[in-house]
Amino acid sequence: HMQVHPEDVSRVLNCERAHDLMPEIDLFYFSPRKIEESECVCYCVEMFDDLGLVQQWQLKRDTLTRFLLFVKKGYRDAPYHNWYHAFSVFHFSYLVIKNLRLVERGFISSLEALAFMVSCLCHDLDHRGTTNSFQMQSGTELASLYSSEGSVMERHHLAQALCILNTDGCNIFDGLTGEQYGKCLDLIRDLILATDLAHHIRLVQDQEKMASEGFDMNSTQHRQLLLFLLMTCADLSDQTKDWKVSRTTADLVYQEFFSQGDLEKAMGNAPLEMMDREKARIPDLQIQFLSHIVCPVFKILAQLFPEADCLLQSTVKNRHCWEQASAFFARKWESGHSSLDILR
Ligand SMILES: Cc1nc2ccc(C(=O)NCC(C)C)cc2n2c(-c3cc(OC(C)(C)C)ccc3Cl)nnc12
Ligand SMILES: [Mg+2]
Ligand SMILES: [Zn+2]
């Protein structure tokens, strides 16, 4: 099974650089993909500490470091669904908690903030770069384990997270009371299962209704819908950065989709058009994805938190860039060029 060596732990415990460089990483437009892979875990510890969660929940630094190293090792080398995706989703949870002052203003509790950040880190653990429907259609072992409940991959990510928490010296929650521990694990379960696209699509209308009615601090339903919205925003946060990040991320996502499409063709199944490298028109697909999924989600966030309007504006700007790329691409396509190289 996965191994984490003591010298890995001590190297993280002694890294001062992350602490000194903290000031610039709390800006919404900062892309965590710029951080050196060897320094990511140090930054994770610093982010928990910067939000007062190490103090509040008596998180032991060596336990937290060992947990983080196991989580990092728990991600595969998929083009998109790898450690850097998890780290960037986690960094966004830090950004919204800090910049929207979610705990001080009473939108979420400190325990919910802790569960939200840990869920972001663990939400895609051991992802294979293929979708839930691929698991079902090709009858993978994960499908045989979880297909009766649905959200096959998300149930696996949750199982992997719980497995790491139960590994010797990795239970970061051993300073919580029994009741807090139970509440925290229930939150992590709900939040990781909420990252299933199908789950999000079922909830988004209620989230839009909540934003237009106005957030009710005393409504359990509003508080839960907000946490699910924050998870989806975090999962999509690459689209709130500059065009280079947004386009590079799309490239990585389509590398996964096209590999899955190749597999499906080899198995005699016809892939979705967006997974077929012969048919997919990436700019048009991205305009649809941003229009139907990404911009609506950040519009809701901006309605609830006007300070988050800059995030919505970035997603709208990136969609505009795809519209320009699409027009340029179509002209090139007419004249016979079919590869994406023209966008580089
Ligand atoms: C750049 C980018 N393009 C994408 C293009 C298409 C799709 C896709 O699944 N289309 C299926 C139709 C039915 C909508 C996802 C894309 N995508 C995601 C993503 C988001 C996910 O789910 C949440 C976070 C809940 C929305 C789950 C998985 C993934 Cl890969 N992340 N970045 C991207
Ligand atoms: Mg996922
Ligand atoms: Zn994800």
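In nanometres, what is the gap between the two model label sites at S212 and E278, each 7 Å from Cα along Cα-to-Cβ?
Going from the S212 label point to the E278 one covers 4.4 nm.
Once label points are set 7 Å from the Cα along Cα→Cβ at both R61 and K244, what is their separation, rounded to one decimal in nm?
3.4 nm
Counting Lys and Arg as +1 and Asp and Glu as -1, each charge on the Cβ, what is the dipole of the chain about the Cα centre in debye, to the nearest 20?
With only Lys, Arg, Asp and Glu charged at Cβ, the dipole is about 540 debye.
Treating the angle as unsigned and between 0 and 90°, give the value, to the nearest 10°, between the Cα long axis of helix 197-213 and the longest Cα principal axis of the chain.
80 degrees
Which of the lysines could a cross-linker bridge to K73, judged by Cα under 21 Å and excluding same-chain residues fewer than eight apart?
K34, K60
Divide, for the chain, the radius of gyration over alpha carbons by 2.2 N^0.38 Å, where N is the residue count.
1.00
Say the dipole of region 235-311 comes from +1 at the beta carbon of Lys and Arg and -1 at that of Asp and Glu; which of F258, I287, A270 then lies farthest toward its positive end?
Ranked along the dipole, the leading option is I287.
So how compact is region 203-344: Cα radius of gyration and Dmax in angstrom?
Answer for region 203-344, Rg first and Dmax second: 17.8, 59 Å.
From the alpha carbon gyration tensor of region 199-263, can you work out the equivalent ellipsoid semi-axes (sqrt of 5 times each eigenvalue) and give them in Å, largest to smallest? Walk me through the numbers before you get to the answer.
Numbers: eigenvalues 200, 43, 15 Å².
Computed over region 199-263, the values are 32, 15, 9 Å.
Please list, or write none, the lysines whose alpha carbon is within less than 17 Å of the alpha carbon of K299, excluding same-chain residues fewer than 8 places away.
Partners within reach: K209, K241, K317.
How large is the convex hull of the Cα atoms of region 66-127 per residue, expressed in Å³ as a whole number?
74 Å³
How far is helix 83-99 tilted off the main Cα axis of the chain, in degrees rounded to 10, range 0 to 90?
For 83-99 against the chain, the angle is about 60 degrees.
Go through the chain and flag any cysteine with no other cysteine's C-beta closer than 4.7 Å, please.
C40, C44, C120, C122, C163, C170, C184, C233, C295, C310, C321
Please report how far the C-alpha centroid of region 261-315 lies from that of region 137-175, rounded to the nearest whole angstrom.
Taking the Cα centre of region 137-175 as reference, the centre of region 261-315 is 26 Å away.
Which is farthest toward the positive dipole end of the chain among L114, N318, A302, measuring Cα position about the Cα centre, with Cβ charges +1 (Lys, Arg) and -1 (Asp, Glu)?
N318
Full extension from S291 to L13: what is 0.36 nm times the residue separation minus their Cα-Cα distance, to one decimal in nm?
So the extension gain works out to 95.8 nm.
Could you list the residues of region 272-288 with an amide nitrogen less than 13 Å from a label point located 7 Å from the Cα of K332 in the Cα-to-C-beta direction?
282-284
I'd like the orientation of helix 152-165 relative to the chain: the angle between its Cα long axis and the longest Cα principal axis, in ° from 0 to 90, rounded to 10.
Result, in degrees: 30.
What is the percent of Cα-Cα separations in region 55-209 that go past 27 Å?
24 percent
We did not get these values from a lab; they are worked out from the coordinates using the rules stated. What you are looking at is a predicted structure, and each value in this text was computed from that prediction instead of being measured. Every residue, glycine as well, gets a Cβ built from its backbone with ideal geometry; the counts of neighbours run over all protein chains shown.
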